[in-house]
Amino acid sequence: MNRQGLEGYAGGMEARFPGRIRRVGYNHNEIHFHLEDPRDAPGICGHVHASMKARLATVVCTDERRHGNGFVIRYVFEKEGEDAFIFIIVPLGHGNSFPSIILHVPGASLYEREIRDMFGLVPAGNPDTRPLVLHEHWPGDAYPLRKDFRLGTKAGRREGVYPFLRVEGDGICEIPVGPVHAGIIEPGHFRFSVLGENIINLETRLFYAHKGIEKLAESMAPEEIVRLAERISGDESVANSTAYCQAVEKILEIRVPERAKKIRTVFAELERAYNHVGTLGGMATDAGFAFGAARMGILKERLMSLNEALCGSRILFGVNRIGGVVPDIGQENKELILGRIGVILRDFDKVAGLLGSKSSFMDRLKDAGRIPKKAARDLGIVGVAARCAGIDLDTRRDHPYAGYNIRNGRTPQEVVRDQIEMEKRAGDAMARYEIRINEVRDSFGIILGLLDLDGDGLCGEVPERMEPYQSALGYAESHRGQTLHWVMTGEDNSIFRYKVRTASFCNWQIMGHCVSSDIVPDFPLVNKSLDLSYSGNDL
Amino acid sequence: MGGSGDILGNRLEARAKDGLVRFPCGACPSVAGRYEEIGSELREKIAKMFGRSLAIREVDAGSCNGCEIEISALNNPVYDIERFGIRFVSSPRHADVLLVTGPVSRNMEAALRRTYEAIPSPKIVVAVGACAADGGIFGDTYATAGGVGRVVPADVYIPGCPPRPELLLQGLLLAINRLRQEPGGRGQASSGLARS
């Protein structure tokens, strides 16, 4: 969005909250409102969320005590339908507590609990006082993201019990599952309260894979963090490294060559495609249809071997770098992509047709794991999970980046058609299945459309030095949804703060809501249909 | 991978003093394209030593899920690891091998230890990936133990970020070979395993 549009927001806010906004700043498509008093935050955030129709995209806390600001909290909102991010910036001064905004913005709860664990600041008014990131064995007086906490600290362990919500009544049983699951999947704990087979309540306990990524980044060189970003979630390596690189490129005002942008996009879509295919196979497995799973498994393997032929890594590690990309796509690889995708797409259509014609498979998907649209909106759900419930969000279109140019490709008739399509979506596993099928085809279409590579630069000019304490937001749409990375530079070419919020962090919240009318045996299928990352959530 | 050698390198040298098995990797030219060959050898060994089937319990101890993608790929119709008598089991009580990925996050330490203890002896522990070796890019921090060997006794480390399917197979082969070649090396392990 241009400066003029953003200034329009500033005028509206200043008129609505006279004297409460100390300063307004601009940074590309971001508008920053610096507040005077933390007590104004709930009301102003509530206004931005409800009246300005902006979803809470992330909440970033920084420890700026050494610079005399105390702790600072940035509430980042994403304006619906506009390429604009609205920051509400609240300096806490010397206080160790901040007012909770959850009565106005329900989706803020997890962020506030995260801030309490990592910074030791108490969200006054948030009723959920349980630990989130650091489990019950963590001592109560150590806060990893404070600047005086050393990365290598080995904190002692203490005894503790995590209080799950208890459901009481005749015949209610609890089923504890995890963190070690039956299959080859990531660690997490699910606590079902059931009456017979019916799920009465599901509580998800995560952060078993917490590796201290944000703290670690503060000790690494900016170009090393690209490799770290790839490993936030191995299957989202291109999306996360793209978001990180774009944040740094925005700060340093690096001009990424057109060719590099297109190559980045080709790899991003290859990533989306191979993962969607994998998820479709996983859904077939969890519905007990082994043949469909096997066929999708073969296609995923072919896509992964195409990945390897193009960049040397089967899961697309090593594609991005600050300022551009590492691998080129020459004439030979272009032909390889054209040839392989043609064959894969033909087989994919066959397998999709086969799955769609099996009523025993499709019946399992229908009505399973229905996401309530209101909950999805309130909690700020993104990606396939939002789109399946009729919420039309797609970072590639809403905030065009890299080689994406989706909005301009739609005629008004197509826009209306898409809107009608959105309204029809039921939010169940069937809707997610259909969306994934369509998105695989779209991905291949986007890739083929981008192969007309011109220019020859793979990397823009990267300045030797970075100005300290500059910040920017980077974003990308992975196969799971929007991933958002906020970067602030530090002294001596370091990174002062690296805040990551993947789609999984938003979307795990909906799990408990969408299985409340399901039976336990449907849970694996519902879980797979949402396809969330544990590592990407836990960081 | 461009310019990433230092932070992702498979720093297994550090482990050599423990007498642990290691083999060079990176791009692993020694195993590239040898999946079938390694698999056949593995099948023969499993037939002799494990009564034809080897059961694996996999535990993700805080990996980025990259290793899980490759381990899962072993089950797809292309690699189809069950042909060689290898299967992944749900319960540690049924397992011969504990396959662990990740640097062992602090929040997974207890679960990993309990899974290890639940596996009946003799048992083999295989650590998969650069993180499982020494913490990899995630290192040894407030949130990680800095490698599987810090939490449970690992027998074999498979390097790579992530290791390819054939390298995973090669690591399993190495692990069961080691049981035969070093009787007494792991207490009662090898005497209990060798059935031929």
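The values are calculated or read from the model by the stated rules, or taken from the named source; none is laboratory data. Since we're looking at a predicted model, the values are computed, not measured. Cβ coordinates were reconstructed from backbone atoms using ideal geometry, including for glycine residues, and neighbour counts include every protein chain displayed. Note: areas computed on protein heavy atoms with side chains; ligands, DNA, RNA excluded. Shrake-Rupley method; radii C 1.70, N 1.55, O 1.52, S 1.80 Å.
When the protein assembly as shown is described by a simple charge dipole with +1 on each Lys and Arg Cβ and -1 on each Asp and Glu Cβ, the residue from B:MET108, A:SER305, A:ASN537 located farthest towards its positive end is B:MET108. Normalised by the number of residues in chain A, the mean separation of alpha-carbon contacts (under 8 Å, six or more apart) gives a relative contact order of 17 percent.
Apolar share of the accessible surface for region A:179-281: 49 percent from carbon plus sulfur atoms, 1.4 Å probe. Only the Cβ atoms of Lys and Arg (+1) and of Asp and Glu (-1) were treated as charged; on that basis the dipole of region A:213-530 about its Cα centre amounts to roughly 920 debye.
The chymotrypsin sites (Phe, Trp or Tyr not before Pro) of region A:463-507 meeting both criteria, a DSSP state outside H, G, I, E and B (loop) and at most 15 other C-beta atoms within 10 angstrom of the site's C-beta, are A:TYR469.
Taking the charge dipole of the protein assembly as shown about its Cα centre, with +1 at Lys and Arg Cβ atoms and -1 at Asp and Glu Cβ atoms, the residue from A:SER357, B:LEU99, A:VAL60 reaching farthest to the positive side is B:LEU99. Over region A:164-257, what relative contact order in percent results from Cα pairs under 8 Å that are six or more residues apart? Answer for region A:164-257 is 16 percent.
Under the criterion of Cα pairs below 8 Å and six or more residues apart, the relative contact order for region B:97-160 equals 42 percent. Rounded to the nearest whole Hz, the Karplus-based 3J(HN,Hα) values (6.51 cos²θ - 1.76 cosθ + 1.60, θ = phi - 60°) of region A:109-119 follow the sequence 4, 5, 4, 5, 5, 5, 5, 5, 5, 8, 10, with x at glycine and proline. For the listed peptides A:454-463, A:154-163, a ranking on the average number of other beta carbons within 10 Å per residue, highest first, reads A:454-463, A:154-163.
Rounded to the nearest 20, the size of the Cβ-charge dipole of region B:73-141 about its Cα centre is 220 debye, with Lys and Arg at +1 and Asp and Glu at -1. Solvent-accessible area lost on pairing B with A (1.4 Å probe, both sides summed) amounts to about 3900 Å². Listed peptides B:130-142, B:43-55, A:280-292 appear in the order B:130-142, A:280-292, B:43-55 once ranked by packing, highest mean of other Cβ atoms within 10 Å at the front. Burial annotation for region A:150-164: residues with an accessible-area loss of at least 50 Å² between the isolated chain and the complete set of protein chains, computed on heavy atoms with a 1.4 Å probe, are A:LYS154, A:ARG157. Rounded to the nearest 20 debye, the dipole size of the protein assembly as shown about its Cα centre is 1080 debye, using +1 on the Cβ of Lys and Arg and -1 on the Cβ of Asp and Glu. With a 10 Å cut-off around each Cβ of B:69-81, the average count of Cβ atoms from other chains is 5. Spin-label model, A:LYS154/A:ASP349: points 7 Å from Cα along the beta carbon direction are separated by 6.0 nm.
Distance from the alpha carbon centroid of region A:197-217 to that of region B:120-152 works out to 20 angstrom. Rg and Dmax of chain A, based on Cα coordinates, read 22.9, 70 Å. Rolling a 1.4 angstrom probe over region A:3-124 with all protein chains present gives an accessible area of which 49% lies on carbon and sulfur atoms. Other protein chain C-beta atoms within 10 Å of residue C-beta, averaged over A:304-310: 1.
Can you find, among A:ALA293, A:VAL462, A:GLY171, the residue farthest towards the positive end of the dipole of chain A? Put +1 on the C-beta of Lys and Arg, -1 on that of Asp and Glu. Positive-end residue among those listed: A:GLY171.
Rolling a 1.4 angstrom probe over region B:23-193 with all protein chains present gives an accessible area of which 48% lies on carbon and sulfur atoms. Heavy-atom accessible surface of the protein assembly as shown, averaged per residue, reaches 37 Å², computed with a 1.4 Å probe. Sequence-ordered 3J(HN,Hα) estimates for region A:256-264 from the Karplus curve with 6.51, -1.76 and 1.60 and θ = phi - 60° stand at 7, x, 4, 4, 4, 4, 5, 5, 4 Hz, glycine and proline given as x.
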